[in-house]
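Mind looking over this structure? Questions follow.
The values are calculated or read from the model by the stated rules, or taken from the named source; none is laboratory data. Bear in mind that the values here come from a model prediction, so they are computed numbers and not experimental data. Neighbour counts run over all protein chains shown; Cβ positions are idealised from the backbone, glycine included.
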Amino acid sequence: MLYEDLKLYLQTHLPRPTLDFVWNDEYNNDFFNYLAEKIPTQNLNDKIHTYIIKQVFKDYFEDIGYLLFKITEENIKFKIFPYKTKAKDSVNLNKIIKIICDNEDLIEFEYNDKDDQILITKELVTNINNFVHNITNEEINKKELIKYAIREALELKESDLVINKNSQIFIKLFTHKKVADNKKNTIASRFNGIDEKQLLAFKDEYFSSKNNEDFFKQVAKSFVKIYLVKEKIDNDYYETKVFSIIQSIIIDKLINQFDNNEDFFIGFSGYIFRLHFKDVFKYIADSILDELSSSNNYIMEFLKYYSLDIVIIDGKKYKIPSLKADNAQQWNSISILSVTKMYIKTKKSIQRIISLFENKEDKIITYYIDDLSPIEYNSQLTKDIREVEEELNTNRHKLDITFEEMNASKSKDKKEKYQQEIKNLKQIVYELKKEMSDLANDKIPQTIIKEYAELQRDLDALDKNYKRESKILKQNEEAYLSIKSALVKALISKKELIA
């Protein structure tokens, strides 16, 4: 999750990767402020976190070069070095092709009984990766080198897709005729001339429901962060360009996620945008309202546009889309602000509570012994000690009686019998005393009990806060959903000329 969050941050806060990019103090401060929201300060130096941060930066700049990267508690430094060799010129290319050709038995042609699909299995991918990882005799984009070698080895066309997924590599073969300029904007050119059946097959195979949700949330966040928060486009520009901008974001993300096949993904982006049109704008509405809850003045001005009702432009009257909900509730920027601030503030508070609760719950579990809390464990030990103590007292009493009976006895045989009984009872008493001592030593120290009790009190307090905040969230949820629904309708609408 952290990797995806940081990846989205770089995509929405940095320009497109270039060799002359400069990571200045402003970028650095903004990034560490964002990082502070995601990672507690004391965990920043955790090796896993630093590895994830480094990997995000390396992956972001991977297409243009490799990074020398260093991170401290307050600063990131890196330098981008351009690749000196193109994939087609690699001295290692033929060796990778040979690995592929020599292991044809690890390639599944007509994968899933489809003659347009090929699967390179995990075993072969591992062999290729092991070889490429150890390349030191040239500076090259290793990811692109692998894809180029696969294309050469399997004699793939430019239109065919090479996709990394779950440590395997999938190849989708496509027949695609480029749309001629004179046929653009026709029914035949829909989805860039790609057969809709091929697009559906690709979506079903590689674009799961879970991927859909995460993918379009990232698209929406990118749009809001780049074009509304950063670029501050006005409402007129928004209405004119919003659909084409969103599709371009989708294309970029598809190419980054799958393969550098722009012709195919121009068509596929239009296809999935049409299928998930409403979802995209629901996520955009969420992102806009999130920015509004942080008192973003530009977003406030952007939303005021939908309260204008009628505007006159160049002497012509236009009807502006309104923020009217399905129940006829009319919202404006002021009423939206009060509800949204409360709702999102509460929602974020709940998320923080859940995160804290999970962290403390993970910690408190470490105090448990045999599924018992320290208090329960000590209580059980106290009970066990009492039982042993009772048994000890019983045997001591038996010992005293046996001594008395031995002393009173005149029979030599009986005295010897009593002496053996006394010996046995003494051994039992010794063992019971030792058992009591061991049980007492097993007791959890009071310092640990105190730590556990404090954690438990924290959990109880968090649980109460969670219930209280959840109640507040529920009270504002209907109004928020009404605002969101009204905003979605406004965002997908345009001003209309009044005759």
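When you scan the stretch 1-98 for helices (runs of 4 or more DSSP H) that lie fully inside it, which ones turn up with 2 or more residues that are among the aliphatic types (A, V, I, L, M), under 20 Å from Ser222 (Cα atoms) and in contact with a helix residue (DSSP H, G or I) (Cβ under 6 Å, 6 or more places away or on another chain)? Before the answer, list the steps.
Numbers: elements: 2-13, 25-38, 47-60.
Result: 2-13.
Shifting gears a bit: Tell me which of these Tyr305 doesn't satisfy, since it passes every other one: (1) outside any helix (DSSP H, G or I); (2) over 34 Å from the mean Cα position of the chain (by Cα).
The number of the failed condition is (1).
To continue, here is another question. Exactly one of (1) within 19 Å of Lys494 (Cα to Cα); (2) modelled with pLDDT under 90 is unmet by Phe264. Its number?
(1)
For the stretch 434-452, name all the residues that are assigned to a helix (DSSP H, G or I), surrounded by 15 or more Cβ atoms within 10 Å (Cβ to Cβ) and of a type outside the set (Asp, Glu).
First pass over the stretch 434-452, keeping only residues assigned to a helix (DSSP H, G or I): 434-441, 446-452.
Cutting the leftovers down to surrounded by 15 or more Cβ atoms within 10 Å (Cβ to Cβ) gives us 435-436, 439, 449, 451-452.
The answer is Met436, Leu439, Ile449, Tyr452.
Name the strands (runs of 3 or more DSSP E) wholly within the stretch 102-172 that hold at least 3 residues that are at pLDDT below 90?
Details: elements: 107-109, 117-120, 161-165, 168-172.
In the stretch 102-172, the matching strands (runs of 3 or more DSSP E) lie at 161-165, 168-172.
Then there's this: Given the conditions (1) free of Cβ contacts under 8 Å to residues at least 60 places away in the same chain; (2) part of a strand (DSSP E or B), which single one is not true for Lys317?
(1)
I'd like to verify a number: residues in the stretch 226-261 that are at pLDDT below 85, over 18 Å from Glu196 (Cβ atoms) and part of a loop (DSSP other than H, G, I, E, B), how many?
The number of residues fulfilling the criteria is 3.
Return the residues of the stretch 280-304 that are of a type in the set (D, E, K, R) and surrounded by 17 or more Cβ atoms within 10 Å (Cβ to Cβ); say none if nothing qualifies.
Lys282, Asp286, Asp290, Glu291
Further question on the same structure: Give the number of residues within the stretch 327-338 that are more than 18 Å from Asn297 (Cβ to Cβ) and in contact with a helix residue (DSSP H, G or I) (Cβ under 6 Å, 6 or more places away or on another chain).
To start, the set of residues in the stretch 327-338 that are more than 18 Å from Asn297 (Cβ to Cβ) comprises 327-331.
Restricting the remaining residues to those that are in contact with a helix residue (DSSP H, G or I) (Cβ under 6 Å, 6 or more places away or on another chain) gives 329, 331.
Of the residues in that region, 2 qualify.
Over 26 Å from Leu19 (Cβ atoms), of a type in the set (S, T, N, Q) and in contact with an Asp or Glu (Cβ under 7 Å, 6 or more places away or on another chain): is that true of Thr121 in this structure?
Values: over 26 Å from Leu19 (Cβ atoms): yes; of a type in the set (S, T, N, Q): yes; in contact with an Asp or Glu (Cβ under 7 Å, 6 or more places away or on another chain): yes.
When the stated conditions are applied, Thr121 passes them.
Quick check on the stretch 454-493: of everything there that is among the acidic types (Asp, Glu) and under 25 Å from the mean Cα position of the chain (by Cα), which residue is nearest to Val242 (Cα to Cα)?
Residues of the stretch 454-493 that are among the acidic types (Asp, Glu), as a first pass: 454, 458, 460, 463, 469, 477-478.
Subset that is under 25 Å from the mean Cα position of the chain (by Cα): 463, 469, 477.
Values: Asp463: 43, Glu469: 36, Glu477: 28 Å.
Among those residues, the one meeting the criterion is Glu477.
Hey, can you tell me all the residues within the stretch 264-306 that are farther than 23 Å from Lys230 by Cα and out of contact with any helix residue (DSSP H, G or I) (no Cβ under 6 Å at 6 or more places or on another chain)?
Matches in the stretch 264-306: Phe264, Ile272, Arg274, Leu275, Phe277, Lys278.
Now, a different point. Pairs under 9 Å by beta carbon, first residue touching a residue at least 40 places away in the same chain (Cβ under 8 Å) in the stretch 19-37, partner loosely packed, with under 11 Cβ neighbours inside 10 Å, six or more apart or different chains?
Going by the 9 Å Cβ cut-off, the qualifying pairs are Leu19/Pro82; Phe21/Pro15; Asn28/Glu74; Phe32/Glu73; Phe32/Glu74.
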